[in-house]
Amino acid sequence: MPARELAALILAAGKGTRLNSRHPKVLHEVGGRPMLGFALEGAETLGAKRCLVVVGFGAEAVQERFAGRAEFVLQADQRGTGHAVQLCRDPLGRFEGDVLVLYGDTPLLRGETLARMREHKQRSGADLVLLSAHVDVPGIVVRGADGKVARIVEVPDATPDELAIRERNTGVYLLDAGLLWKLLERVDDRNAQGELYLTSIVELAVGDGCRVEALELADSDEALGVNTRAELASAERRMRERTLNRVMAAGVTIVDPASTYIDVDVQIGNDTLIEPGCVIQGSSRIGSGVHLRPGCVIESSRIGNDVEIGPNAHLRPNCVIGDGCRIGNFVEVKNSVLGPGVKADHLSYIGDADVGARASFGCGSVVVNYDGRKKHRTTVGERAFIGCNVNLVAPIAVEADAFVAAGSTITSDVPSGALGVARARQRNVLGWVARKRPKKRD
């Protein structure tokens, strides 16, 4: 039987008061990605036909960040999870498939788990499937004498016996759209919080004779919701461990995982060696056989094969580094394209530049890309040689096979095969030291 059409409802309206932040909670990053991005990816992986995100605090910022990936529903007056889902009924219109309810602050929930949930519903014939876990969250899964799910009780409304139950509700549900709206019509706010709890649909469904099943998470970490800075750090730590395990399984050597930080969207080729203290961010792509020495920072850049970088080098965003390049200690590259075999071994800055194959930058050379108002690009041709302590004042072109003498400040193009020299002529003042040295007193 083919899978039913799917719509995803992602609840992301909360302010996240305990984060003590000016920014929407779901835009805080885990593994270099806003938390809401993980829920969206999960829905997209399942092929959701519709994806609605319920927004509230900071709605404009959330919509701007994820424009084009979802439809947005505003929950101006936040009266609980049930109310948030109710607001999606009209936008969904006549959708007749299954509805998956997710949350924008659960970044560790895997797409594979959601797929297993969907398969379980189809295979078992359940009317409603929820995810449960042994974690400390407010929704308690109460089972009847037959072991089947009877209801979900929120902690403020629970009895002492119910508080002792370890199985908890993650709040992730999968059920038919028609059943969802039918159940929500009967939800009320007669509870300790005076809110419309989405959890109420479970007891109502059971009372109507529906088959309700709880699918327990094999990894309880997936249920971690982020409400505090400590929980944000905990999610970051767990996501980093996942990412490190993924890249090591793909053939990457990480000398010290405890001191290595790699964002979730980074891809790295096999036989790459990463030494301690490296940070690789954004959607960086690193080839095979790369050697990152200690203390390197790579931001949203592409690195070819057999490249050597560091120690203590910094690639700022939008760099493309060709095969066989060598970028040494305390070298910074920004928004530049370096052809194969380029060398910049130490203490240089290459910004907004297009550099040809096998060009070389000497110690202390600087591409001066900013005139105080605008950034300008520099072109350095193939096999060009930039001497030590050279300033290339953009916009400028140093053509193929040109040389620039050490200590020069170059403000005009250097033709192919020429030597560019721009420095004052040296003058030696003989006897100067003796004349200036203080005379000894008797």
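The values are calculated or read from the model by the stated rules, or taken from the named source; none is laboratory data. It should be emphasised that the depicted structure is a prediction, and the values quoted were computed from it without experimental measurement. Backbone-built Cβ (ideal geometry, glycine too); neighbour counts: all protein chains shown. Areas reflect the complete protein model, heavy atoms only, side chains present, ligands, DNA and RNA absent. Shrake-Rupley method; radii C 1.70, N 1.55, O 1.52, S 1.80 Å.
Annotations for the structure displayed:
- Selection over segment 15-42 of residues that are in contact (Cβ under 8 Å) with a residue 60 or more places away in the chain, in contact with a Phe, Trp or Tyr (Cβ under 7 Å, 6 or more places away or on another chain) and under 16 Å from A61 (Cβ atoms) gives a count of 1.
- When L179, L204 are checked against the criterion of being in contact with a Cys (Cβ under 9 Å, 6 or more places away or on another chain), without any contact (Cβ under 8 Å) to a residue 24 or more places away in the chain, open to solvent by 20 Å² or more (accessible area, probe 1.4 Å) and not polar (S, T, N, Q), a single residue qualifies: L204.
Per-residue answers, yes or no, for (1) under 29 Å from E29 (Cβ atoms); (2) touching a His at 6+ places or on another chain (Cβ under 8 Å); (3) modelled with pLDDT of 90 or more; (4) assigned to a loop (DSSP other than H, G, I, E, B):
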| residue | (1), (2), (3), (4) |
| --- | --- |
| I140 | no, no, yes, no |
| I165 | no, no, yes, yes |
| L174 | yes, no, yes, no |
| L183 | no, no, yes, no |
| R186 | no, no, yes, yes |
| D189 | no, no, no, yes |
| L198 | yes, no, yes, yes |
| A205 | no, no, yes, no |
| E213 | no, yes, yes, no |
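- Any hit, segment 81-96, residues being more than 26 Å from K182 (Cβ to Cβ), modelled with pLDDT of 95 or more and open to solvent by 10 Å² or more (accessible area, probe 1.4 Å): no
- Among the residues of segment 217-240, just one is assigned to a loop (DSSP other than H, G, I, E, B), hydrophobic (A, V, I, L, M, F, W, C), open to solvent by 30 Å² or more (accessible area, probe 1.4 Å) and over 23 Å from A13 (Cβ atoms), namely A218.
- Residue among G289, G295 that alone is open to solvent by less than 50 Å² (accessible area, probe 1.4 Å), part of a loop (DSSP other than H, G, I, E, B), farther than 27 Å from R110 by Cβ and out of contact with any Asp or Glu (no Cβ under 7 Å at 6 or more places or on another chain): G295
- Segment 79-119, residues that are among the basic types (K, R), assigned to a helix (DSSP H, G or I) and touching a helix residue (DSSP H, G or I) at 6+ places or on another chain (Cβ under 7 Å): R89
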